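Novice: Here you go, one structure.
Every number in this text was worked out from the coordinates using simple rules, so none of it is lab data. Only a predicted model underlies this, so the values are computations on that prediction, with no experimental measurement involved. Cβ atoms come from the backbone with ideal geometry, glycine included; neighbour counts cover every protein chain shown.
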Amino acid sequence: MQGPLIEILARQGITRRTFMKYCATLASLMALPPSAGRAMAEAMAAAGVATKRPSVIWLPFQECTGCTESITRSHSPTLESLIFDVVSLDYQETLMAAAGHQAEEALHNAMKAGGYLLIVDGSIPLGLDGAYSCIAGRSNLELLKEAASGAAAIVAMGSCAAFGGLPHAKPNPTGAVSVSDVVKDKPIVNIPGCPPIPVVITGVLAHFLTFGSLPELDKHGRPKAFYGETIHDRCYRRPFYDQGKFAKTFDDEGARNGWCLFELGCKGPVTYNACATVKWNGGTSWPVESGHGCLGCSEPDFWDAGGFYKALSTPANPLKMASAAVAAGAVAGVAVSFANRGKKRAAASAHETTTLADLEK
Amino acid sequence: MSASLDKGVRVLKEVIDAPIASYFSSCVHCGLCAEACLFYTETGDPKYTPIHKLEPMRRLYEQEYTLIGRLKKVLGLSKPVTDAELGEWQELVYNSCTLCGRCSLVCPVGNDIVYMVRKFREGMAVSGHAPEGIVEATRRTVSTGSPMGVTMHAVKAQMKHVEEETGISIPLDVEGVEYMALLSSMEIINFPEYLSAIARIMKHAGKTWTLCSTGFEATNSGIQIGVSDLAKTIVSRIVEGAERLKAKTVISPECGHAYTALRWEGPNLIGRPFTFKVQHIVEVLDELRTQGLLKTEGFETDRLTFHDPCQLARRGGVIQPQRNLINMVAKNFVEMPDAGKMNWCCGGGGGVTAIERAEALRIEAFKKKKSQLEAVKPDRLVTACAVCRTTLEEGLEHYQMNIPVVGLTEIIAEHLPEQGA
């Protein structure tokens, strides 16, 4: 494989082999067939060669920029960021050099061409006619509708864009809603998480580039490849859960031994995400590994789903009353047994030998 | 006279024992016993599900012997057992149960359902709900000595008849013999060939034997009606007779429930072990065979099959001896499907043949035996129980199947060497 992308990579000290490995890893993470790795690599290399790279517009609404932080700074200059060398990121407020009118012009030029991939992070406030969040004097709602009309597909990046997120939390003063609450006529893929895992973002982009379509989604519009299993099912602390070994406080022996954090409020059992397998910060660690339970940030309304430190359910302790129950059961059993013996003995002592005369009324 | 619901309830309270308590509390309501009962399979009526036949007794057990049941009774939440209900159950406890025990064998939790039916009959009988036919049979057994009203005079007449036919004298009331043979009334009246066969076989084997004038009748209506007191009276005649004659072994004849009554229930009824051994005639013959005392010559060449009497094979565990014996004299012996332990009942056991009103149902249930026979198409059917034999003959006649039924002992006797000499 030759081409400008490979040369760019080589200049950054990344060999062709490393790039192929990255694509293969990405493909396997998304549960695509092995051949998809090569197809991805070729598609991305070709995208890099093409005079017109696929256009991507990134619109930030009611958000904290954490999603952008996630995909850029925290992983730069790892391989994930390279994907932006193969697309034309025509508008991204945080990353772009342009500002003011120049920036708006770039956006309009990109939108004119159409067929772009629209990435949205942040929720859309509907309260006060959208006055809570405006860019260049126009409300987020207006901007989204305009940008969405020409988009080939939309990626709702982060929990705010996907489900409304923190701004949507009760009492939701700004009337924040998700992208899918506003746009109904475009393919939308939700990449929730607060923030989402970088490789999930790049994986969806690679899929879009390679196949021209979005990956298979679950009922919440999330790519099944990354959101197909719960944190709990893939958690390295799961064996402790199965053995009933739980940390009771954050500084007890259980916590030090790395036991299950279920009783400390871990939402792993009800949270679908890839943290337990992909991990964070270049595979360094992830929340449970650092000693804190999962907050469930990739699930709708996670902020309002009860306290972060409240266990999903408190298991009964049937053994606490065991000895009392055994004693009570034994007493009742003995009492019933004596009563029954008495009754049976009374019936037996009242026995009158049955004769032929006793067979008829 | 004096039968009443109160008496029935009192007796049921008395007979509900630890096994019954554990059976009722173990039942998982799976319904497998239904498929094991020929009255259900041939009619498709769920009321014939074996465990359902015990419903009044189960309720009584619950109300009297369980904590929850007592609470429910106190609070008036449970339905008391009524006289009318027991009357309704007569058909289920007597007419549609031959005590064949097939249900007990299939129960996945090991409930001996037939044991419970037998106990339930104790309460049914003293509350006046035993069918007339069985009551009459019991009355005749207790008062005249046999369910068919056969007296020692009739036995003596048969003895004389057999003596003339075979030229062998039939010993009566001989002390210190090896075997004391019993007869069932059915054999005395309908199948005298059995007595003749015994006489010839004993002579051939060189064994001493006798009949007993005070204990000749093997059948026990007390077991069938379910009154242990009467069953004890009846079985005591045999025990006293055998002990008076100092017999080593008492031979239960070709009758199913007589074997159960004497061998399994007998010692429990009289409350002590017997001083003699009890064997079914089939066991005796097979023992003589292994001792080399029973030799035969010639073979039956037609197609024979064997109907296992439930009380002998399933309840008594005697399965192989009869096959050993048939194979001595038969070249063309075939097994029916489900033969042996899981054989289907003829439909007449447990007193059912004595119940006139059960006849239509019994004929309906016989369709099971019919299908078993149709599967192997035998020329003749061999069995080792006089009640089975009568029921089979009636059923075969009803369905116009031309298959003669013969007793195993007489077939063996026909092949004794001296026959030709």
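Novice: Placing unit charges on C-beta atoms (Lys and Arg positive, Asp and Glu negative, everything else neutral), compute the dipole magnitude of the range A:229-336 about its Cα centre in debye, rounded to 20.
Specialist: I would put it at about 240 debye.
Novice: Let me ask something else about it. At R0 = 45 Å, how high is the FRET efficiency between B:Gln291 and A:Ser337 if r is their beta carbon distance? Nearest 0.05 is fine.
Specialist: Efficiency, rounded to the nearest 0.05: 0.30.
Novice: Nearest 10 degrees, 0 to 90: what angle lies between the long axis of helix A:100-113 and the longest principal axis of chain A (Cα atoms)?
Specialist: It is inclined by approximately 80 degrees.
Novice: Let me ask something else about it. Give the aspartates and glutamates reachable from A:Lys170 as a straight Cα distance under 14 Å; neighbours fewer than 8 places away on the same chain don't count.
Specialist: A:Asp301, A:Asp304
Novice: Would you mind telling me which residue in A:Ser313, A:Ser298, A:Ser55 has the biggest mean-square fluctuation in a Gaussian network model of chain A, where springs connect alpha carbons within a distance under 10 angstrom?
Specialist: For chain A, modelled as a Gaussian network with Cα springs under 10 Å, the answer is A:Ser313.
Novice: While we're looking at this one, here's another question. Using θ = phi - 60° and the Karplus curve 6.51 cos²θ - 1.76 cosθ + 1.60, what whole-Hz ³J(HN,Hα) does each residue of the range A:248-256 get, with Gly and Pro shown as x?
Specialist: Per residue, the Karplus-derived 3J(HN,Hα) values read 9, 9, 7, 10, 8, 5, x, 4, 5 Hz.
Novice: Could you give the distance between the Cα centres of the range A:275-331 and the range B:1-70, to the whole Å?
Specialist: Computed from Cα coordinates, the inter-centre distance equals 48 Å.
Novice: In addition: Got a sec? Charge dipole of the range B:10-93, +1 on Cβ for Lys and Arg, -1 for Asp and Glu; which of B:Gln63, B:Thr41, B:Leu92 is way out at the positive end?
Specialist: The Cα lying farthest towards the positive end belongs to B:Gln63.
Novice: Express the relative contact order of the range B:268-346 as a whole percentage, based on alpha carbon pairs under 8 Å and six or more residues apart in sequence.
Specialist: With pairs under 8 Å counted, the relative contact order is 35 percent.
Novice: Neighbour counts of other C-beta atoms within 10 Å: give me B:Leu211, A:Leu295, B:Leu293 arranged from fewest to most.
Specialist: Exposure proxy ranking, most exposed first: B:Leu293, A:Leu295, B:Leu211.
Novice: Can you give me the relative contact order of the range A:229-336 as a percent, contacts being Cα pairs under 8 Å and 6 or more apart?
Specialist: 26 percent
Novice: Helix-only estimate, please: 222 nm mean residue ellipticity of chain B, summing -39500 (n - 2.57) across DSSP H runs of length 4 or more and dividing by its residues, to the nearest 500.
Specialist: Here the helix-only value at 222 nm equals -14500 deg cm²/dmol.
Novice: On to the next question. Under the √(5λ) rule applied to the eigenvalues of the Cα gyration tensor, what semi-axes describe the equivalent ellipsoid of the range B:279-421? Give them in Å, descending.
Specialist: 27, 17, 13
Novice: Continuing with this model, one more query. Using +1 at the Cβ of each Lys and Arg and -1 at the Cβ of each Asp and Glu in chain B, identify which of B:Ile412, B:Leu288, B:Ile188 lies farthest towards the dipole's positive end.
Specialist: It is B:Leu288, whose Cα lies furthest towards the positive end.
Novice: Starting from the Cα of B:Ile319, step 7 Å along the direction of its Cβ; do the same at B:Phe299; then give the gap between the two resulting points in nm.
Specialist: Calculated label separation equals 2.5 nm.
Novice: Anything over 26 Å Cα to Cα? Flag those among A:Lys343/B:Lys79; B:Lys13/B:Lys368; B:Lys53/B:Lys341; B:Lys13/B:Lys367; A:Lys219/A:Lys267, in the order listed.
Specialist: Checking Cα-Cα distances, B:Lys13/B:Lys368; B:Lys13/B:Lys367 exceed 26 Å.
Novice: Could I ask something else about it? Show that you can apply the helix-only estimate: for chain A, add -39,500 (n - 2.57) for every DSSP H stretch of four or more residues, divide by all residues, and state [θ] at 222 nm to the nearest 500.
Specialist: Mean residue ellipticity at 222 nm (helix-derived): -11500 deg cm²/dmol.
Novice: When Cβ neighbours within 10 Å are restricted to other protein chains, what is their mean count per residue of peptide B:223-236?
Specialist: 2
Novice: Using modelled backbone amide H atoms (1.01 Å from N, in-plane), which distant-in-sequence or interchain residues come within less than 5 Å of B:Arg303's amide H?
Specialist: The list, which skips near neighbours in sequence, is B:Asp379, B:Arg380.
Novice: With the dipole of the protein assembly as shown worked out from charges on the C-beta (+1 for Lys and Arg, -1 for Asp and Glu) around the Cα centre, which of B:Val162, A:Cys67, B:Val15 lies farthest toward the positive end?
Specialist: Selected residue: A:Cys67.
Novice: Moving to a separate point now. One quarter of the convex hull surface, Cα atoms only: what value does that give for the range B:204-245 in nm²?
Specialist: For the range B:204-245, averaging the hull's shadow over all directions gives 3.7 nm².
Novice: How big is the antiparallel share of DSSP beta bridges in the protein assembly as shown, given as a percent to the nearest 5?
Specialist: Antiparallel bridges make up about 15 percent of those DSSP assigns within the protein assembly as shown.
Novice: Using the structure shown, select from B:Lys207/B:Lys248; A:Lys224/A:Lys279; B:Lys47/B:Lys72 the pairs with a Cα to Cα distance greater than 20 angstrom.
Specialist: B:Lys47/B:Lys72
Novice: Can I ask one more? Pull out the extension gain between A:His101 and A:Ala136, defined as 0.36 nm times the separation in residues minus the alpha carbon to alpha carbon distance; nm, one decimal.
Specialist: 11.7 nm
Novice: With r defined as the distance between the Cβ atoms of A:Lys310 and B:His52 and R0 fixed at 60 Å, what FRET efficiency is calculated, to the nearest 0.05?
Specialist: It comes to 0.75.
Novice: Also, quick follow-up: Would you mind pulling out the separation of the Cα centroids of the range B:99-149 and the range B:349-393, in Å?
Specialist: 19 Å
Novice: Okay, next question. Spelling out what I want: for every residue of the range B:19-29, take phi, set θ = phi - 60°, compute 6.51 cos²θ - 1.76 cosθ + 1.60 (Karplus), and round to whole Hz; glycine and proline get x.
Specialist: With coefficients 6.51, -1.76 and 1.60, one gets x, 5, 4, 6, 5, 5, 7, 8, 4, 9, 6 Hz.
Novice: Name the residues whose placed amide hydrogens come within less than 5 Å of the amide hydrogen of B:Val278, ignoring near sequence neighbours (fewer than 5 apart) on the same chain.
Specialist: Hits under the 5 Å cutoff: B:Val250.
Novice: Using r as the Cβ-Cβ distance of B:His153 and B:Ser2, and R0 as 45 Å, what FRET efficiency do you calculate, to the nearest 0.05?
Specialist: For B:His153 and B:Ser2, the calculated efficiency is 0.85.
Novice: Something else now. Given chain A, what percent of its DSSP beta bridges are antiparallel, to the nearest 5?
Specialist: 30 percent
Novice: Residue by residue, what Karplus-based ³J(HN,Hα) values in Hz, rounded to whole numbers, does the range B:150-165 have, using 6.51, -1.76 and 1.60 with θ = phi - 60° and x for Gly and Pro?
Specialist: Using θ = phi - 60°, the values come out as 6, 10, 4, 4, 5, 4, 5, 5, 5, 4, 4, 4, 5, 4, 5, 5 Hz.
Novice: Using amide H atoms built 1.01 Å from N in the peptide plane, name the residues 5+ places from A:Asp121, or on other chains, whose amide H lies under 5 Å from its own.
Specialist: A:Leu59, A:Phe61, A:Met157
Novice: In chain A, what cysteines have no partner Cβ closer than 4.7 Å?
Specialist: So, A:Cys23, A:Cys64, A:Cys67, A:Cys134, A:Cys160, A:Cys235, A:Cys260, A:Cys266, A:Cys275, A:Cys294.
Novice: Now a separate question. Run the reach check for B:Lys370 against aspartates and glutamates, Cα to Cα strictly under 20 Å, same-chain hits fewer than 8 apart removed. What comes back?
Specialist: B:Glu35, B:Glu42, B:Asp45, B:Asp302, B:Asp308, B:Glu335, B:Asp338, B:Glu359, B:Asp379, B:Glu393, B:Glu394, B:Glu397
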